[in-house]
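A short worksheet on the structure shown next.
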Amino acid sequence: MIEVIQDARKHLDAVTLLTAAKERVPSIDRATVYRTIDLLKRLGLIDELDLMHLEGEKHFYEVKSRKDHIHLACFHCGRIEEFSAPLFERLKQEINQEARFRVRVARMEVGGTCSTCAEQATALEGEKGKSRAASSS
């Protein structure tokens with residue numbers, strides 16, 4: 001099961017995870033998948049994410065990594081990108097020093113518009129502007 005999550009090109013929800021697991025082990029059932037997800041979460045091997053609830057109340061899963069990262073969620077196309085930056089690591093260090101709080105897990109989600117959707121919106125606005133200029137001439 002963890003291999004299915006690890007090999008995925010995107011974050012998987014439980015239903016998609018079940019479908020992918022069935023491709024590898026056709027006899028696997030829904031209950032086994034859900035129990036395994038629960039076990040992997042308890043063991044700290046996977047993280048459960050809500051990813052800005054872009055798809056309702058669905059939860060998604062990813063293999064826990066050694067390096068924390070930020071999830072960037074596009075409200076237009078639903079794409080999820082992972083982003084890491086030294087500033088995020090420095091923020092965790094500052095929390096540790098200033099608040100005397102040992103950070104074990106840091107999760108952050110940022111919602112907005114991805115570069116592809118932003119470029120499409122800009123191009124669309126440019127076309128609208130050209131149409132308005134042509135019709136007013």
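The values are calculated or read from the model by the stated rules, or taken from the named source; none is laboratory data. All values derive from a computational prediction rather than experimental measurement. Neighbour counts are summed over all protein chains in view; Cβ atoms, including those assigned to glycine, are modelled from backbone coordinates with ideal geometry. What goes into the accessible areas is simple: the full protein's heavy atoms, side chains included, and nothing from ligands, DNA or RNA. Shrake-Rupley method; radii C 1.70, N 1.55, O 1.52, S 1.80 Å.
Kindly provide the set of residues from segment 55-87 that are open to solvent by less than 20 Å² (accessible area, probe 1.4 Å) and among the aliphatic types (A, V, I, L, M), ordered by number.
70, 73
Looking at (1) open to solvent by less than 80 Å² (accessible area, probe 1.4 Å); (2) out of contact with any helix residue (DSSP H, G or I) (no Cβ under 7 Å at 6 or more places or on another chain); (3) at pLDDT 90 or above, which is the only condition residue 20 fails?
(2)
Looking at segment 32-46, can you tell me whether even one residue there is over 15 Å from the mean Cα position of the chain (by Cα) and closer than 24 Å to residue 111 by Cα? Step through it out loud before you land on a result.
Filtering segment 32-46 for residues over 15 Å from the mean Cα position of the chain (by Cα) gives 32-45.
Those left that are additionally closer than 24 Å to residue 111 by Cα: none.
Scanning segment 32-46 turns up no residue that is over 15 Å from the mean Cα position of the chain (by Cα) and closer than 24 Å to residue 111 by Cα.
Starting from segment 19-31, keep only residues that are in contact (Cβ under 8 Å) with a residue 12 or more places away in the chain, then list their pairs with residues that are in a loop (DSSP other than H, G, I, E, B) and not polar (S, T, N, Q) whose Cβ atoms are within a distance under 8 Å, requiring at least 6 positions of separation or different chains.
Once the first residue is in contact (Cβ under 8 Å) with a residue 12 or more places away in the chain and sits in segment 19-31, its partners that are in a loop (DSSP other than H, G, I, E, B) and not polar (S, T, N, Q) give 20/8; 21/1; 21/28.
Identify, by number, the condition in (1) closer than 27 Å to residue 77 by Cα; (2) exposed (fewer than 12 other Cβ atoms within 10 Å of the Cβ) that residue 44 doesn't meet.
(1)
Hey, can you tell me all the residues within segment 88-101 that are more than 28 Å from residue 53 (Cα to Cα) and open to solvent by 90 Å² or more (accessible area, probe 1.4 Å)?
Taking segment 88-101 as the starting set, the residues that turn out to be more than 28 Å from residue 53 (Cα to Cα) are 93-94, 96-101.
Residues satisfying the conditions are 93, 94, 97, 98, 100, 101.
If you check every pair at least six apart or on different chains, which have Cβ atoms under 6 Å apart with a residue in segment 105-127 that is in contact (Cβ under 8 Å) with a residue 24 or more places away in the chain first and a residue that is open to solvent by less than 60 Å² (accessible area, probe 1.4 Å) and part of a helix (DSSP H, G or I) second?
106/92
Please go through segment 34-90 and pick out each residue that is among the polar types (S, T, N, Q) and either farther than 20 Å from residue 16 by Cα or without any contact (Cβ under 8 Å) to a residue 24 or more places away in the chain (or both). I'd like the intermediate steps shown before the answer.
Step one: of segment 34-90, the residues among the polar types (S, T, N, Q) are 36, 65, 84.
Of everything in segment 34-90, those that are among the polar types (S, T, N, Q) and either farther than 20 Å from residue 16 by Cα or without any contact (Cβ under 8 Å) to a residue 24 or more places away in the chain (or both) turn out to be 65, 84.
Taking the condition of being touching a helix residue (DSSP H, G or I) at 6+ places or on another chain (Cβ under 6 Å) and either among the hydrophobic types (A, V, I, L, M, F, W, C) or open to solvent by 70 Å² or more (accessible area, probe 1.4 Å) (or both), how many residues in segment 104-123 meet it? Before you say what the answer is, go through the steps one by one.
Within segment 104-123, the subset touching a helix residue (DSSP H, G or I) at 6+ places or on another chain (Cβ under 6 Å) is 106, 109, 111.
After this cut, where a residue has to be either among the hydrophobic types (A, V, I, L, M, F, W, C) or open to solvent by 70 Å² or more (accessible area, probe 1.4 Å) (or both) as well, the list is 106.
Of the residues in segment 104-123, 1 are touching a helix residue (DSSP H, G or I) at 6+ places or on another chain (Cβ under 6 Å) and either among the hydrophobic types (A, V, I, L, M, F, W, C) or open to solvent by 70 Å² or more (accessible area, probe 1.4 Å) (or both).
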